[in-house]
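The values are calculated or read from the model by the stated rules, or taken from the named source; none is laboratory data. Small disclaimer: the values here were computed from a predicted structure and weren't measured. Reconstructed Cβ throughout: ideal geometry from the backbone, glycine too, with neighbour counts over all protein chains shown. Just the protein is used for accessible areas: all its heavy atoms, side chains included, with ligands, DNA and RNA removed. Shrake-Rupley method; radii C 1.70, N 1.55, O 1.52, S 1.80 Å.
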Amino acid sequence: MAHATRGHRSGTYEIERINKVDKRRLSITFQHAAAYQPQVVTLHVDHTPAAEQMLQAMADSIKVGDNGDADSAWESSETLRQARWQATTMLNRLAERGFDTFADARLDVATLRWLYEPMHSNTKRSACWLLARAVRDNHPNGVAISRALKNSRFQVEDSTPFIYDDAVSDAIEAAAKAVYTEYFTAQREIFERLGHDVTGRGWLRIPAQELIDWAERAHPDLSQPGAPQPSLAAPYEQQVAWALTHPRMFGYIKYNRTSPLRGPQIKVIGRALYPDNILITAALILHCLGENSGFNASVLLQKDADTLTYLGSDYALEHNVKARNRSEDTRPTRLTSIYTAGGVVETMTGLTRFARHSRRDLTAPAGTPAAVVDRLYVEHASEPVEAQVINEFRRINAWKSPTFDKYWDEATAGPRSEVSLRLSALRYVAQRRVMGEGLTADVHGHTPSTKLHYTAHVLPDHVFNKHATAAQNAFHDDAVAGFTVVADATEGPAADLAAVDPDRVMDVEIGVCTSGGNAPDGSGRRCDLGIVACFTCPNGYRTVDHVPGLLAAVELGDIIERNDPTEWEHGQASHLRFYAQACLDKFSPMVVGNIKRSTDLVPHILTVTGMYMEMRHG
């Protein structure tokens, strides 16, 4: 994502390059911003021409693909992984119908639409567009059929989201705080025992290289590559020096359940210096709930060491990248606590400095530092090239660990084994909490419609009803505030109308006439100027009671325009509609809309029509 002053900032899972499209293995090898190593997506279906065609359509849908076009909009590896499931479903159903290639001329629109029928409505559209590309590039009538598919309309179905009740969400947050604090305290203790001042936040900003340089100067033998682990009886300082200079002896090793380290103390030191999935999971929970920010998982996982722009010592702007709509924004945050959103970013920037330093040499295909180098939510890996943004599997693994068990409040939240961890549900929790700040409060990244959808799901009925009533009252008050009670008016047109003898006032459907229907020149004769003149006459006034008549006048103008071109061209119908609409525009749209929905306009249209026909030539 390009920015005028910050250049390109990668989304969490942004695909950077396609390495290979292997039609023999039905796989796509690619690199993305969330991991250093190439990733592979494979279609696990029967090897048919249709499978190869679908695989190529997937590759061509990626924005950085070799055969990209205007429809190549996929940027995220998560989109590609979801497309794998969609493609598998459609290919299996295609085989059920006896087809093995999209080049078969017997394939029609109805059959193709049947391929994605089992999918949820929210995923049908993307599946349809993928299918349209495969058909366009292979079917004899591909362009026309592809266009027909892309013109399909899909009904959006509301889903029932997974949400936490208050007791469970509070317990999750409390456990995460305790775990996070434990890791924070462990690394701070290392700095304190090495003689650093840890009374403020300054120790979090000490560069990793400064401590590594100290270790190499103070203990050169222990700092050499391949130096063995100090004995269990070695002084604390020596064990720290060895840990600082041998990051590959720590961290996650896939499929390896045994640690090469000896003794509990070195493991404690390593866990404090090189964050594991447990700390990262706890920090993600607090980051989402901190200050009710409600960041979604993709935005959270994109955070890096440059996320904060400091505004003094206690405040900052937190930079966010939302991949789905390619938007970037900043959110003000406080740094007065390690548990605020900004406090979590600052703390994790410090706690991950040694892990980030260990992967500093990783480069992207363009030769620049790989995006994963400075990401905060990356579990430290023994081999730097295995570094990747923490995935859902590792988050679930962390949540099930005994570390969280120590701090779980089972008395109020129930057994922890029955509570799954879902970042999307925590976003609902933040939404529920932020509503306590008022109707205008919201979590990060919501449009008004999305906020409405979230609010409908996260609030208990009694709270939702309270807010709905408050909103209705606010609408009512805003609408009423735009009106003036004629009898109470002291200035303006309303005061002029109030000063007129009620016996002289005549209702003329689209307003009131204060000359009793007589000509405005004071002659006392009946007015013959026509209905349109009422809008420009100094004796004409319109109140909210005349909205039905004004709506009827607009409707009459529409009827004449559609059915009587001569009258529309040479009569006064166009003027009538113009003035009536101009008057309606002066009233609150909400009031006009409510009256239009709740009023039978037919008698008003008949009245206005009679007045127009009787006086149109006056």
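Taking every residue in the range 401-427 that is assigned to a loop (DSSP other than H, G, I, E, B) and pairing it with any residue that is of a type in the set (Phe, Trp, Tyr), at least 6 positions away or on another chain, the pairs with Cβ-Cβ distances below 6 Å are Leu421/Trp399; Arg422/Phe162. Taking the listed residues Thr347, Thr307, the one that is touching an Asp or Glu at 6+ places or on another chain (Cβ under 7 Å) and surrounded by 21 or more Cβ atoms within 10 Å (Cβ to Cβ) is Thr307, with no other qualifying.
Taking first residues from the range 98-109 that are surrounded by 12 or more Cβ atoms within 10 Å (Cβ to Cβ) and partners that are of a type in the set (Val, Ile, Thr) and not in a loop (DSSP other than H, G, I, E, B), the Cβ contacts under 9 Å between residues at least 6 apart in sequence or on separate chains come to Phe99/Thr111; Phe102/Val135; Leu107/Val135; Leu107/Ile145; Asp108/Ile145; Val109/Ile145. Here Ala243 fulfils each of the conditions (1) surrounded by fewer than 21 Cβ atoms within 10 Å (Cβ to Cβ); (2) in contact (Cβ under 8 Å) with a residue 24 or more places away in the chain; (3) over 39 Å from the mean Cα position of the chain (by Cα) apart from (1).
Checked against (1) surrounded by fewer than 20 Cβ atoms within 10 Å (Cβ to Cβ); (2) in contact with a strand residue (DSSP E or B) (Cβ under 8 Å, 6 or more places away or on another chain); (3) within 19 Å of Tyr183 (Cα to Cα), Gly251 meets all criteria but (1). In the range 548-577, the residues that are more than 14 Å from Val532 (Cα to Cα) reach residues that are part of a helix (DSSP H, G or I) and aromatic (Phe, Trp, Tyr) with C-beta atoms within less than 8 angstrom, at least six apart or across chains, in these pairs: Ile560/Trp568; Glu561/Trp568. When Gly367 is tested against the conditions (1) surrounded by 16 or more Cβ atoms within 10 Å (Cβ to Cβ); (2) on the phi > 0 side of the Ramachandran plot, the lone failure is (1). Within the range 247-291, the set of residues being more than 19 Å from Ala186 (Cβ to Cβ) and under 36 Å from the mean Cα position of the chain (by Cα) comprises Ile253, Lys254, Tyr255, His287, Cys288, Leu289, Gly290, Glu291.
Out of Ala171, Ala176, Ala186, one residue alone is surrounded by 17 or more Cβ atoms within 10 Å (Cβ to Cβ), touching a residue at least 60 places away in the same chain (Cβ under 8 Å) and under 16 Å from Ile338 (Cα atoms). It is Ala176.
Among the numbered criteria (1) modelled with pLDDT of 85 or more; (2) part of a loop (DSSP other than H, G, I, E, B); (3) under 16 Å from Met613 (Cα atoms), which one does Cys537 miss? Against the list (1) modelled with pLDDT of 85 or more; (2) part of a loop (DSSP other than H, G, I, E, B); (3) under 16 Å from Met613 (Cα atoms), Cys537 comes up short only on (3).
Taken over the range 484-530, the criterion of being modelled with pLDDT under 80 and of a type in the set (A, V, I, L, M, F, W, C) is satisfied by Val485, Val486, Ala487, Ala489, Ala494, Ala495, Leu497, Ala498, Ala499, Val500.
Do you know which residues across the range 132-145 are open to solvent by 10 Å² or more (accessible area, probe 1.4 Å) and either within 18 Å of His120 (Cα to Cα) or not basic (Lys, Arg) (or both)? Walk me through how you get there before you give the answer.
As a first pass, look at the range 132-145 and keep what is open to solvent by 10 Å² or more (accessible area, probe 1.4 Å): 133, 136-141, 143-145.
The answer is Asp137, Asn138, His139, Pro140, Asn141, Val143, Ala144, Ile145.
Taken over the range 35-82, residues that are free of Cβ contacts under 8 Å to residues at least 24 places away in the same chain and either part of a loop (DSSP other than H, G, I, E, B) or among the basic types (Lys, Arg) (or both) amount to 8. When only residues in the range 384-400 that are in a loop (DSSP other than H, G, I, E, B) and of a type outside the set (Lys, Arg) count, which is most open to solvent (accessible area, probe 1.4 Å)? Among residues in the range 384-400 that are in a loop (DSSP other than H, G, I, E, B) and of a type outside the set (Lys, Arg), the one most open to solvent (accessible area, probe 1.4 Å) is Asn391. Counting only residues that are outside any helix (DSSP H, G or I) and either within 16 Å of Gly530 (Cα to Cα) or open to solvent by 40 Å² or more (accessible area, probe 1.4 Å) (or both), which one in the range 578-618 is modelled with the lowest pLDDT? Selected residue: Gly618.
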